[in-house]
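One structure is given here, and the rest of the page talks about it.
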Amino acid sequence: MNLETRRWVEGVIFLILFCLTIPAANWMLGHVGTVCPPNGPCLIPVAPGLMAPSGVLMIGAALVLRDLVQRRLGVAMSAAAILIGAGLSGLFAPLSLVIASAAAFLLSEAVDLAVYTPLARRRLMTAVLLSSLVGLVVDSIVFLWLAFGSLDFLAGQVVGKALMVLLALPLVAWLRRRDERLGMMPA
């Protein structure tokens, strides 16, 4: 397989995974957690004494996957992926969560894109880390406020998403090294 085909195939895989994170996060909010209070999101522990809505796991992954979609398929496809992911959320969640999720997703991913893009060519790891951190804070504030009218779970949201980003960084580092070894350039 030539490098261009490999870049495209990997980009499509990252795109599919990215688009699935939002409906998965919305589904998890109502179905996955160590505690699922009535009229509230299912919660998971993200640190000792710190709980967060379970969807944080998928959103943390989404922030990194969006960066990888852009690296493989370009800015235009990355922007389209944000719209696709937001649209798919409507299939798996109540309307109130869909609105909160879509608004938070669109805003946080746009911020992620704006931070990632100027840094990505020179410092991929820094770009992924900084863009994801900015995006996860924006996503957490907007989602919690619109979905629940409260920022009670803000610390848990930020910690849970940051953990997922940190877990993904070794994969990003490996991809960067492999790309350099193969001579594969970003889109």
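Here, each number is a calculation from the coordinates, and none is a lab measurement. In this text the structure is predicted, and so the values were computed from the model without any measurement. Neighbour counts run over all protein chains shown; Cβ positions are idealised from the backbone, glycine included.
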Query - For the chain, alpha-carbon Rg relative to the globular expectation (2.2 N^0.38 Å, N residues) - result: 1.01
Query - Listed residue (Pro38, Met125, Val115) projecting farthest to the positive dipole end of the chain, Cβ model - result: Met125
Report task. Put one equal scatterer on each alpha carbon of the stretch 116-187, apply the Debye formula with no solvent term, and list log10 I(q)/I(0) at q = 0.12, 0.22 1/Å to two decimals. Result -> -0.42, -0.92
Query - Relative contact order (%) - the stretch 70-187, alpha-carbon pairs under 8 angstrom, separation at least six - result: 28
Report summary line: So Leu154 and Ala187, fully extended at 0.36 nm per residue minus their Cα-Cα distance, gain in nm 8.4 nm
Report task. Would you grab the residues whose amide H sits under 5 Å from the one on Ala52? Only those 5+ places off in sequence or on another chain, please, with H modelled 1.01 Å from N. Result -> Ile44, Val46
Report task. Tell me what the chain gives for mean residue ellipticity at 222 nm when only DSSP H runs of n ≥ 4 count, each as -39,500 (n - 2.57), the sum divided by the residue total, rounded to 500 deg cm²/dmol. Result -> -26500 deg cm²/dmol
